[in-house]
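Engineer: Structure incoming, see below.
FYI, it's all coordinate maths here, none of it is from the lab. These numbers come from a predicted model, not from an experiment. Quick reminder, even Gly has a Cβ in these numbers, built from the backbone with ideal geometry, and neighbours come from all protein chains shown.
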Amino acid sequence: MNELKTFNDLIYERPDFEAMKVFYEALNERAKTARTYAELKECIREEEAYSSHINTMCTIVEIRHTVDTSDVFYEQEEEYIRNTAPTVMPYAQAFNETLLASPFRKDIDEEYGEQFLKAVQLGVDSFCEKNIPLMQEEGELCNRYQRITAACKIPFDGKEHNLYGIMKYFSDPDRTVRKEAARLYAQFFEKHDQEFGEIFDRLVKIRHQMGLNMGFKNFIPLGYMLQGRMDYNEKDVASFREQVKQELTPFCEKLYKAQAKRIGLEKVLFFDEELIFPDGNAVPIGNREYLVSQAQKMYRDMSKETGEFIDFMIEHELMDLDNKPNKAATGYMTTLSDYKAPFVYSCFNGTTGDVDVLTHEMGHAFAGYMAMQTQPLQALWGEPTDIAEIHSMSMEQFAYPYAELFFGEKAHAYRFQHLQEATTFVPFGVAVDEFQHIVYANPDMTPNERTAAWKELEEKYMPWRDYGDISPFFSRGGWWYHKLHIFHYPFYYINYTLTSMGAMEFKKKMVEDRAKGWADYLRLCKLGGSLGYLDTLKAANLAVPFEKDGVKRATSYTKEILTKELENQGL
C-alpha cells in the first residue's frame, strides 16, 4: 500500500485508458491459459493493483471537481474520464468472463467466498457494449445538472448563498424569514424547470434504451442489477412501501400535528416543517474545526476501532466540509483505493446537518475503513447499496449519548429533533422510490406528467405536505427536482428507507445490550461486500424489512420514544 500524507499532497496522473485496454488483453490471455490456481490468483492480484490505481486517480478528480466545479482543469479531466472510461469496460468484462469460466472457480469461491463471483456475474449480466455511448451521454447530463445546482447564487440576508447555504434559514424561528428562504429556494428550481425537465426526460429515455438493449422491457430490471440487488425484487419493495404507508405515514402526521401546536401554528406548512421548537432548533455550538475536534472525542470514546479511524481521517486530512462558492451541493463518502483510505465530502451550513455529516458520512467511512482492513479484495470492500446506509444511519443513532459535545444544553432537543426527522424522512424516501418506478415504467411521460405524478405521491405518503403560497411550481409537484439522487442514482433512494429499519433496530440493540449491539455492528462493517443482502442482515442479527410486519417491528422502539416525548411535552 502506498504511503499517505494528506489528500492535498496526492499527485494526480491522468489515467491511460488505451494502456488499460492492452493490460486487460494481456491479463485475460494469461488467465485463460493459467495451468494452476496460483497462476490465476496472481492474475486476480495484478488486476486488483492496476484497477486500484486507476480508481484512485478517478476519485481524486471526482473530489477536486466537486470541491470546485469552476476549476477548468478538473472539469476537463472529469469529462475525459467520463467519456473514456466506459470504452475500457468490454476489456475488463472479458477478463471477468474468463474468471467465471475458469476451471479454478471452486478455488476462487473457497478463498474469497461465493459472493465475489456472484458479483462478477452480475456485472457481466448488466453490461452490453451498445450501452457505452448511452453511458457517456448519461454522465454528461448528470454533470450538467450538478453544474447548474452548484452555480446557484441566491442573495438573501445581506449575503449570497448556494443551495446548502439558503437551506440554513428553513429552520429560522422567524416564520417570515423561513418562508422567504423557501420561496427563493423554490424560485431557483422553477427558473430551471424547463432545463431540468429536459435533462431528466433525456436521462429516462437513455436509461430506457439501456434496458431495451439488455433485453428488458424497460430500465427497471437493469436499475436493480446496477444497484447490486440479487435477493429481492420489485414486489418486495412495493410491499415495503405499503407497510410504510400503513405504519409510518399516520404516525408522521401525528408528529406534525403535535409540532404545529408546539410552535404555535394551526398547521405546519412546507416552510415550517424543519422548525421543531418555537425558540429555534438545536444548532451546533461551534465551527467546523470545533465540531471535528468533538467528533474525535466521541469516536475515541466509542470504541478502540472508531478512535483509530477518526485519528487516521484527521491526520491525513481526509475531509472537505466547508461550504464554498461553486462547491457541488451534495455530500458523500468515497474511497482512495491505493491508500485504503476513505474520504468525506460535505457543505457545512451551521445546522444540525453538519453534525449529521460527522455521523452519517463518517459511518460510511468507518465501514469502509474496517472492510478495507478485513477483506482480501478491493471488490469485497463495498457492501450492497441496500446495506451501506445501515452503517451510516446507525452511526447517527450511536452518537446520541454524545450530543452534549455538539449541542451543549440543547442536546436533548437535538435527540428528539433528529429522531423525528429520521422517522418523517421514511415516507418521503419511499415516495422517491415509487416515483422512479413510475417514470421508468412509463418513459414517454412528459415533464408535466412527472410533476403531477410526484404530487400524487406526496398526497399518498405525505398528506401533511402543504406549500402554502410560496411556490405554485412546488404546489403542483416540482419539489422532486431538488433531489440529486433522482437524476444521478436511479433506484438508490429506497436504500435509505430500508436501512432506516436496520438503524432503528441497532438503536434498540445498543440500549438493551451495548456490547452485543456493537459487536453486531462491527461485524456488519467488517463484512464489506463478502455476503449478499439477506446473508449480511442475518450475520448482523437484523430483520428483513419487507417481510410481514417488518416495518412495525423495526420502528416500534422509535415510536415508543417519540410518543413518550410528546406526552412529556403535553402534546
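Engineer: Could you list which residues have their amide H under 5 Å from that of residue 154, counting only those 5 or more apart in sequence or on another chain, with H placed in the peptide plane?
Structural biologist: Here 161, 162 satisfy the definition.
Engineer: For the chain, with only Lys/Arg (+1) and Asp/Glu (-1) charged at the beta-carbon, what is the dipole magnitude about the Cα centre, in debye rounded to 20?
Structural biologist: So the dipole magnitude of the chain works out to roughly 1260 debye.
Engineer: Then there is this: Give me the lysines in straight-line cross-link reach of residue 5: C-alpha distance below 23 Å, same-chain residues under 8 apart excluded.
Structural biologist: Within the straight-line cut-off, residue 5 pairs with 297, 304, 340.
Engineer: Let me ask something else about it. Return, for the Cα atoms of region 85-162, the radius of gyration and Dmax in Å, separated by a comma.
Structural biologist: Taking only Cα atoms of region 85-162, I get Rg and Dmax of 21.1, 69 Å.
Engineer: In sequence order, what are the phi-derived ³J(HN,Hα) couplings for region 99-113 according to the Karplus relation 6.51 cos²θ - 1.76 cosθ + 1.60 with θ = phi - 60°, rounded to whole Hz, with x for glycine and proline?
Structural biologist: Those phi angles translate into 4, 5, 8, 5, x, 9, 4, 4, 5, 4, 4, 5, 7, 10, x Hz.
Engineer: For residue 130, give me every one of the aspartates and glutamates with a C-alpha distance below 14 angstrom, ignoring sequence neighbours fewer than eight places off in its own chain.
Structural biologist: 138
Engineer: Let me ask something else about it. What ranking do 97-104, 145-152, 33-40 get when scored by the average of other Cβ atoms within 10 Å per residue, highest first?
Structural biologist: Working: 97-104: 15.9, 145-152: 18.8, 33-40: 13.8.
The most tightly packed comes first, giving 145-152, 97-104, 33-40.
Engineer: Sum -39500 (n - 2.57) across every DSSP H segment of at least 4 residues in the chain, then divide by the residue count to get the 222 nm mean residue ellipticity, nearest 500.
Structural biologist: On the way: 25 runs with 369 residues, N = 571.
Counting only the DSSP helices, I get -21000 deg cm²/dmol.
Engineer: Rounded to two decimals, what is Rg over Rh for region 178-306 when you use alpha-carbon atoms and the Kirkwood radius?
Structural biologist: Numbers: Rg = 22.2 Å, Rh = 20.3 Å.
When Rh is taken as the Kirkwood radius, the ratio is 1.10.
Engineer: Find the Cα radius of gyration of the chain, compare it with 2.2 N^0.38 Å by division, and give the number to two decimals. Display every interim value, and only then the final one.
Structural biologist: Working: Rg = 23.5 Å, N = 571, 2.2 N^0.38 = 24.5 Å.
It is 0.96.
Engineer: Would you kindly compute the Cα radius of gyration of region 16-63 and its largest Cα-Cα separation (Dmax), both in Å?
Structural biologist: Using the Cα atoms of region 16-63, the pair Rg, Dmax is 12.6, 42 Å.
Engineer: Continuing with this model, one more query. Place the peptides 11-19, 357-365, 417-425 in order of packing, highest mean first, counting for every residue the other Cβ atoms within 10 Å and averaging per peptide. Walk me through the numbers on the way to the answer.
Structural biologist: Values: 11-19: 12.8, 357-365: 25.1, 417-425: 19.7.
The packing order, highest mean first, is 357-365, 417-425, 11-19.
Engineer: Scan around residue 319 for amide H atoms under 5 Å from its own, H built in the peptide plane at 1.01 Å from N, and keep only partners 5 or more places away or cross-chain.
Structural biologist: 344
Engineer: Moving on to the next point. Cα convex hull of region 425-527: mean projected area in nm², to one decimal?
Structural biologist: Values: hull surface 34.6 nm².
Result: a mean projected hull area of 8.7 nm².
Engineer: Taking every pair of alpha-carbon atoms in region 7-128, what share in percent sits in each 5 Å bin, from 0 to the bin with the longest distance?
Structural biologist: Each 5 Å bin holds this share of Cα pairs: 2, 10, 18, 19, 17, 12, 10, 7, 3, 1, 0.
Engineer: Follow-up question, since we're still on this one. Between their Cα atoms, which of 267/507; 235/509; 41/106; 526/548 are more than 24 Å away from each other? Kindly include the intermediate steps, with their values, before the conclusion.
Structural biologist: Numbers: 267/507 31 Å; 235/509 29 Å; 41/106 12 Å; 526/548 29 Å.
The pairs that break the limit, which is 24 Å between Cα atoms, are 267/507; 235/509; 526/548.
Engineer: Can you tell me the order of 338-344, 565-571, 320-326 when each peptide is scored by its average per-residue count of other Cβ atoms within 10 angstrom, highest first?
Structural biologist: Values: 338-344: 21.7, 565-571: 12.6, 320-326: 15.9.
Highest mean packing first, the order is 338-344, 320-326, 565-571.
Engineer: Additional query: Too long at a 24 Å Cα-Cα cut-off: which of 254/552; 191/254; 483/508; 168/327?
Structural biologist: Numbers: 254/552 16 Å; 191/254 34 Å; 483/508 30 Å; 168/327 16 Å.
Beyond 24 Å: 191/254; 483/508.
Engineer: While we're looking at this one, here's another question. Return the sequence-ordered ³J(HN,Hα) values of region 357-368 in whole Hz as given by the Karplus equation 6.51 cos²θ - 1.76 cosθ + 1.60 applied to θ = phi - 60°, using x for Gly and Pro.
Structural biologist: 4, 6, 10, 5, 5, 6, x, 4, 5, 5, 4, x
Engineer: Once phi is turned into θ = phi - 60°, what whole-Hz ³J(HN,Hα) does the Karplus curve with 6.51, -1.76 and 1.60 give for every residue of region 547-553, x standing for Gly and Pro?
Structural biologist: Result, ordered by residue: 6, 3, 6, x, 5, 4, 5 Hz.
Engineer: Helix 447-461 versus the longest principal axis of the chain: what angle, 0 to 90°, nearest 10, using Cα atoms?
Structural biologist: Once rounded, one gets 60 degrees.
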